[in-house]
1. Given a 1.4 Å probe, how much area per residue of region 117-201 is accessible, in Å²?
2. Report, in debye and to the nearest 20, how large the dipole of region 54-93 comes out about its Cα centre when Lys and Arg carry +1 and Asp and Glu carry -1 on their Cβ.
3. Let me check I've understood the local charge: for Gly31, count other residues with C-beta under 10 angstrom from its C-beta, Lys and Arg +1, Asp and Glu -1. What total comes out?
4. Let me make sure I get this right: for region 1-115, a, b and c are the square roots of the gyration tensor eigenvalues over alpha carbons, sorted descending. Under 1.5 in a/c it's rounded, otherwise prolate if a/b > b/c, else oblate. Which is it?
5. If you roll a 1.4 Å probe over the heavy atoms of the protein chains, what accessible area per residue do you get for region 1-43, in Å²?
6. In region 185-246, carbon and sulfur make up what percent of the accessible area (probe 1.4 Å)?
7. Note down the net charge around Asn81, summing +1 for each Lys or Arg and -1 for each Asp or Glu among other residues with Cβ under 14 Å from its Cβ.
8. I want the antiparallel fraction of DSSP beta bridges within region 100-247, as a percent rounded to 5.
Amino acid sequence: MTEPKIRIRGLSKAFGDKQVLDGIDLDVMPGTSTVVIGGSGSGKSVLLKCILGLIEPDSGSIEVDGQDILGLPRQARERVNAGIGMLFQAGALFDSLPVWENVAFGLLAQQKSTRADARRRAGEVLAQVGLDPSVGDLSPAELSGGMQKRVGLARAIAAQPGILFFDEPTTGLDPIMGAVIDGLIVDCVKRLGSTAIAITHDMASATRIGDHAAMLFRGRLVWQGAAAKLLDSGNPMVDQFTHGRRDGP
């Protein structure tokens, strides 16, 4: 059987007396997209930050390609993270850099490319997300919200990572632009053959992006299944959340 690209077991994290993650078990299979849903404060962002090494969990294990990455020396952890692309919720573009340098930031920071090669690569991936390469000469402040999301996606895929993370990819976008961004995400993931995890409140986005879905509630995974079943899961807790009902468990 195929081994998971990412395997999480017993992952727990508390901040003071607040238990944010409480024994999370999750498998993300190679070449698939998993969406994690849940209310604000349910632990979605903390889960991603634990995988990225930005937060140290209290207990549990996180394996990437069969290697437990918790406790790895700094350089070894940086090598793992170099294979991860991230689309941030607010874009997180550097205002002081032109668009092309934002897109190629990782390539330049890790000295994987000369500036000329990095600029050429930036033009290529901007085209892949539906932007003219000339956009690379603009500053982030000159872009609309949808264009900033596309630039953030271009940066995430520039180094052709094996893993992609998406943090609320449609937040702040109108429904049509949200659908456009979701379509670009699906295309990019398929083109790269990457494994993806997305966290979202947007149920339309979740069903468009995801193959698999999981719901967090009070730090626990209360349901997992096919993303296509999110709106008809048969789980009262999931149904209340996905349909936005005031009354329920």
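1. Details: 3250 Å² over 85 residues.
Result: 38 Å² per residue.
2. On the way: 3 positive and 6 negative charges, 43 e Å.
Roughly 200 debye for region 54-93.
3. Numbers: positive: Lys5, Lys190; negative: Asp211.
So the surrounding residues net to +1.
4. Working: a/c = 1.86, a/b = 1.47, b/c = 1.27.
It comes out prolate by the Cα gyration axes.
5. Working: 1940 Å² over 43 residues.
Normalised by residue count, the accessible surface of region 1-43 is 45 Å².
6. Details: 1460 of 3050 Å².
Within region 185-246, the accessible surface is 48 percent carbon and sulfur.
7. Within the 14 Å Cβ shell, the charges total +3.
8. Numbers: 6 of 11 bridges.
DSSP beta bridges in region 100-247 are roughly 55 percent antiparallel.
The values are calculated or read from the model by the stated rules, or taken from the named source; none is laboratory data. Small disclaimer: the values here were computed from a predicted structure and weren't measured. FYI the Cβ positions are ideal-geometry reconstructions off the backbone, even for glycines, and counts take in every protein chain you see. Surface accessibility is based on the protein's heavy atoms, side chains included, excluding ligands, DNA and RNA. Shrake-Rupley method; radii C 1.70, N 1.55, O 1.52, S 1.80 Å.
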